[in-house]
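*Asks:* Below you'll find the structure I mean.
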């Protein structure tokens with residue numbers, strides 16, 4: 001197995017080319033499913049409410065290079081408002097400051113003949129940040145490198161700390177610092193794993209049909225957040241947002257379906273202390289505001305610059321949204337980017 005060089009510290013601006021990015025495969029009958037699902041979602045979505053947070057003034061702060069695999073997948077924010085991003089197909093972790101300047105923090109090792117379920121290529125997906133600046137990322141390869149990797153504050157050579165089955169696809173990631181636990185959504189096996197931050201072999205924390213994929217779309221549990229005594233998970237195949245209570249003994253309670261009709265939902269984040277969510281709908285180029293009662297409405301679209309949005313992160317009064325731009329091969333001008341907008345809570 002050959003290993004690509006890893007970053008030994010922050011390297012400014014443009015990383016080296018990594019070759020053409022593979023396209024994520026489109027499931028069978030996807031176009032028909034998208035049209036039907038979008039129509040149903042529009043019927044189910046609730047109207048704007050006077051108490052809804054507002055999302056305004058969207059602008060793109062950084063454009064990336066699809067040909068180099070710079071497909072942003074997930075976000076972890078810094079205290080100064082910079083965004084740590086995973087570039088899925090480049091296998092890189094970068095930091096984008098408020099002016100759009102890019103710094104390479106780390107590169108995950110190259111993998112010979114990757115067998116990642118549903119994709120085939122090795123991809124770095126979820127990211128979480130500890131209070132001391134340590135970053136944790138999920139890496140899916142279909143090989144022994146599949147798992148959770150740790151990157152020291154400021155960047156450097158990544159270290160594998162979580163060793164997952166080769167058939168797993170660890171995706172969304174969150175760190176519960178209070179109990180020292182990393183939670184990971186597995187899009188291939190349809191489960192949530194838990195792993196002590198000290199590392200080792202993960203434990204299946206939650207499983208069941210609500211977390212699993214469907215025959216039409218092989219990506220189940222996807223985005224993941226720890227919020228107000230529960231682990232929240234999106235299921236891409238089922239278009240649902242789920243809440244799993246954390247019991248006093250830290251085991252999983254019963255899975256609750258909190259919202260439906262979120263077709264091709266990817267990652268999401270909360271707008272504040274309540275249960276209102278902003279969710280990225282990757283196929284239809286929308287960000288949805290999802291209310292605690294499960295109703296939802298669109299707040300950002302392709303007209304604002306979205307191009308297959310993959311994740312949302314809220315920091316203070318700012319919303320960050322990444323776009324991967326890899327689902328439409330016919331698009332002559334794909335635009336992977338980082339967008340920011342203003343958030344006003346009422």
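The values are calculated or read from the model by the stated rules, or taken from the named source; none is laboratory data. This structure is a prediction, so every number in the text was calculated from the model and none was measured. So basically every Cβ, Gly included, is an ideal-geometry build from the backbone, and we count neighbours across all protein chains shown.
*Asks:* Of the residues in the stretch 66-102, how many are in a loop (DSSP other than H, G, I, E, B), touching a strand residue (DSSP E or B) at 6+ places or on another chain (Cβ under 9 Å) and surrounded by fewer than 24 Cβ atoms within 10 Å (Cβ to Cβ)? Steps first, answer last, please.
*Replies:* First pass over the stretch 66-102, keeping only residues in a loop (DSSP other than H, G, I, E, B): 69-71, 78-82, 88-91, 97-101.
Narrowing the set further to residues that are touching a strand residue (DSSP E or B) at 6+ places or on another chain (Cβ under 9 Å) leaves 69-71, 78-79, 81-82, 88-91, 97-101.
Now restrict to residues that are surrounded by fewer than 24 Cβ atoms within 10 Å (Cβ to Cβ): 78-79, 81-82, 97-101.
Qualifying residue count for the region: 9.
*Asks:* Test of understanding: among 168, 174, which residue is part of a loop (DSSP other than H, G, I, E, B), in contact (Cβ under 8 Å) with a residue 12 or more places away in the chain, in contact with a strand residue (DSSP E or B) (Cβ under 7 Å, 6 or more places away or on another chain) and buried (at least 21 other Cβ atoms within 10 Å of the Cβ)? First the steps, then the outcome.
*Replies:* Working: 174 fails: part of a loop (DSSP other than H, G, I, E, B).
When all the criteria are applied, what remains is 168.
*Asks:* Sort out which residues of the stretch 121-167 are at pLDDT 95 or above and on the phi > 0 side of the Ramachandran plot, and write them in order of number.
*Replies:* Of everything in the stretch 121-167, those that are at pLDDT 95 or above and on the phi > 0 side of the Ramachandran plot turn out to be 133, 142, 147, 155, 156.
*Asks:* Give the residue that is nearest to residue 283 (Cα to Cα), with candidates limited to residues of the stretch 247-262 that are surrounded by fewer than 24 Cβ atoms within 10 Å (Cβ to Cβ) and touching a residue at least 40 places away in the same chain (Cβ under 8 Å).
*Replies:* Checking each candidate, the answer is 261.
*Asks:* Of all residues in the stretch 197-229, which are in a strand (DSSP E or B) and buried (at least 19 other Cβ atoms within 10 Å of the Cβ)?
*Replies:* Selection gives 205, 206, 217, 221, 222, 223, 224, 225, 226.
*Asks:* Among what's in the stretch 312-336 and is within 18 Å of the chain's Cα centre (by Cα) and farther than 12 Å from residue 83 by Cα, pick the residue that is surrounded by the fewest Cβ atoms within 10 Å (Cβ to Cβ).
*Replies:* Taking the candidates together, the pick is 335.
*Asks:* Which pairs do you get when a residue that is in contact (Cβ under 8 Å) with a residue 60 or more places away in the chain and on the phi > 0 side of the Ramachandran plot, found in the stretch 183-206, comes within reach of a residue that is assigned to a loop (DSSP other than H, G, I, E, B) and buried (at least 24 other Cβ atoms within 10 Å of the Cβ), reach meaning Cβ atoms under 6 angstrom, with the pair 6+ apart or on two chains?
*Replies:* none
*Asks:* Scan the stretch 121-165 residue by residue and report those that are part of a loop (DSSP other than H, G, I, E, B) and either in contact with a helix residue (DSSP H, G or I) (Cβ under 7 Å, 6 or more places away or on another chain) or over 23 Å from residue 97 (Cβ atoms) (or both).
*Replies:* 121, 122, 141, 142, 143, 144, 145, 146, 164, 165
*Asks:* In this structure, is residue 334 over 20 Å from residue 223 (Cα atoms), touching a residue at least 12 places away in the same chain (Cβ under 8 Å) and in contact with a helix residue (DSSP H, G or I) (Cβ under 9 Å, 6 or more places away or on another chain)?
*Replies:* When the stated conditions are applied, residue 334 passes them.
*Asks:* Considering only residues that are over 18 Å from residue 90 (Cβ atoms) and over 18 Å from the mean Cα position of the chain (by Cα), look in the stretch 103-133 and name the one that is surrounded by the most Cβ atoms within 10 Å (Cβ to Cβ). Talk me through it step by step, then tell me what you get.
*Replies:* Initially, the stretch 103-133 is screened for residues over 18 Å from residue 90 (Cβ atoms), giving 113, 115, 117-118, 128-133.
Of the ones still in play, those that are also over 18 Å from the mean Cα position of the chain (by Cα) are 113, 115, 131-133.
Values: 113: 10, 115: 16, 131: 8, 132: 8, 133: 14.
This residue is 115.
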